[in-house]
Structures are given as structure tokens and as C-alpha cells.
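Heads up: the structure comes next, in C-alpha cells.
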Amino acid sequence: MTDLLRTFVTGSVDLLLRVFLIVVPIMVVLELFEGTRPFRAMVRAWARVVRHVGLNERSAAPTLIGFLLGLAYGGGVIVRDIRRHDLGRRQVFIMSTFLSMVHAVAEDSLVFMALGASVFWVVAYRIVWAALVTLDLTAVATLVVRRRKA
Amino acid sequence: MTPAAASSPGAASGEPSPQPAPGLGARLRRDLRIGVKAGLRTFWELARVMVPAYGITLVLERLGVIQRLAQLARPLMSLLGLPGDAAVPLMVGYVLNIYAAVGSMQALHLSAQQITVLAIAILIGHNLLVGARSSTRRA
């Protein structure tokens, strides 16, 4: 029991420390680069992709960050942009559903590449799967919301 | 939450984005301040949901829930062309995280193709307790 408690404490501290050391610098770096032209171009290109799952241009930036860096580290940007741009429940729903299945592509790919998995297939399959599920769930959610209003 | 949002420096000074170019040093300092503030707030929000979920996960692991789930998922593994033992890393990934899953994958002898399939399965769903709590808080 005490050893479970010890694992919990050290594990929590480790988790929080890692999140802290990564979240804060990411927020600072992003604040610096957000207005720059290359960043905007990247977001615009990404927006053209995620448009197909129903995400608008303002949702594209946080989705891109979550996609590349992950939810723990990109979560800060996601929460901030949802508040800052008042993205609305529909966008948040789509974004959460999509990102829950593809995120942290950079880190995850490296980890599984080390094991010998094919990164291309892993990433491609995840994106396609996430897109399909997101479209389906959004359709269902739209129906539910509409029925509730009617 | 609201008072913090209202006192965001950009809104307070009434200047729109970086257009007026107040000098690089000032801009750097301002961005640094906003970034650190946003980072700290986020950190606190994430910490509040992640730590309890992590605790629950540890207890589930200790109770042997993962092994039991793996036993249940065993028959499904052949559908993916994987040996039954592959259920263990999959469930470890679902309940814990990808690092733990990678750890338990090391113990199995899988082909590159099987590793890719298992990687896809684990990457689509992992760390479900911590993740679910974080994302419901967010929405």
C-alpha cells in the first residue's frame, strides 16, 4: 500500500514536471510565432485538410498543434484557442473526437519507429480512421441535437 | 477563470495584435508574459484532471484489471492477425500509456507487420482514463 502511494506520488510529480516543462515553453514559443507568415501558411494548408471533417479555419491551428505535439502538451493551446476564439460546442466536439484518435504524431511515430513499425502506415491509417469516425459521430450528434430542439 | 481572461494584457492595453511594432524587446517580453501566464493556467487545469486519473489507473493496474481485460480480448486478436498474447500490450496501452505498452511489446516476438498493426491499434486508443477525463473537462 505504501509502495503504491509512493509510486503515485513520484509518478504524479514526474508527469506534472514533464507537462510543465513542455507546456509553458510551447505556449511561449507559439505566442512568438503565431503571427508569422510561415506559421500562418502552415495553418492554412492544414485547414484545407481538416475542412473535410468539418473544422473551420479558426479550429485549424489548435488541431494542428494537437495533431503534432499531443494532447498533454498541445492541450494548453487547445484550451486557450477555444476560449480566445469562442469556438463553439460543435467545433470543440469535432476537434476532440478527431484528436482523440490522432495526436502526438511526432512523438508516437518516433517511439513506434524504434520498435520497427511502419510510420507511414501507422499515421495514414490513424488519420483515415479518425476522419471516418469523426464524420460518423458528428452526423449522429447533429441528429441528436436537432431532435432535441424539435 | 473570467477575471484572468479579462486581464489578458492584449485586451487591457487595447492594442490590436503586433501591428504597431512596439520594438522587438517589448514584444518579446509581452509574448513571454502572455505565454507563461497561459502555460501556468493550462498546467493547473491539466494537473487537476490528470493526477486523479493517474491514481485510479495505478490502482486498476495493481488489482490485475489489465490482465483480466487482456484475457477477454485474447480471442479477438486473431482477427487482426496477431497472437493472443498481443492483447496484453493492447490493454496495457488502453489503461496505461504507450510507453508501458511498448515495454510489454518488447516481451513478445512479433514481425514488423504485426508490430505495425498493433501500433495502429494502440495509437488509436491509449491512456483512456486520463485522456477521457481531460477531454470531457475541456469540452
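Values quoted throughout were computed directly from the atomic coordinates according to the rules given, and no laboratory measurement underlies them. Please read these numbers as outputs of a predicted model, since none were measured by experiment. Note that each Cβ is placed from the backbone with ideal geometry, even for glycine, and that neighbours are counted across all protein chains shown.
The long axis of helix A:37-50 is offset from the longest Cα principal axis of chain A by roughly 70 degrees. Here the convex hull built on the C-alpha positions of the stretch B:50-138 has a volume of 90 cubic angstrom per residue.
Residue by residue, the stretch B:84-90 carries 3J(HN,Hα) couplings of x, 4, 5, 4, 5, x, 4 Hz when phi is fed to the Karplus relation 6.51 cos²θ - 1.76 cosθ + 1.60 (θ = phi - 60°); x denotes Gly or Pro.
Neighbours of A:Ala45 by Cβ distance under 14 Å: Lys/Arg scored +1, Asp/Glu scored -1, total +4. Rg then Dmax, both in Å and based on the Cα atoms of the protein assembly as shown: 20.6, 65.
Compared with the dominant principal axis of the Cα atoms in chain A, helix A:105-115 is inclined by about 50°. For A:Arg6 and A:Leu110, the difference between the fully extended length at 0.36 nm per residue and the C-alpha to C-alpha distance is 34.4 nm. Taking the 0 to 90 degree range and rounding to the nearest ten, how far is the long axis of helix A:119-149 tilted relative to the main principal axis of chain A, both from C-alpha atoms? So the helix axis and the longest Cα principal axis differ by about 50 degrees. Legend: mean number of C-beta atoms from other chains within 10 angstrom of residue C-beta atoms, peptide A:95-102, equals 3. FRET efficiency for the B:Trp44 to A:Arg40 pair, using the beta carbon distance and R₀ = 30 Å, is estimated at 0.50. Electrostatic tally near A:Gly54: other residues with Cβ closer than 14 Å to its Cβ, Lys and Arg +1, Asp and Glu -1, net +3. Averaging the sequence gap over all C-alpha pairs within less than 8 Å and six or more residues apart, then dividing by the number of residues, gives chain A a relative contact order of 20 percent. With viscosity 1.002 mPa s and temperature 20 °C, the Kirkwood radius over alpha carbon pairs of the stretch A:78-150 converts through Stokes-Einstein to a diffusion coefficient of 152 µm²/s. A simple spin-label model places the labels of B:Ala112 and B:Arg68 4.0 nm from each other, with each point 7 Å out along Cα-to-Cβ.
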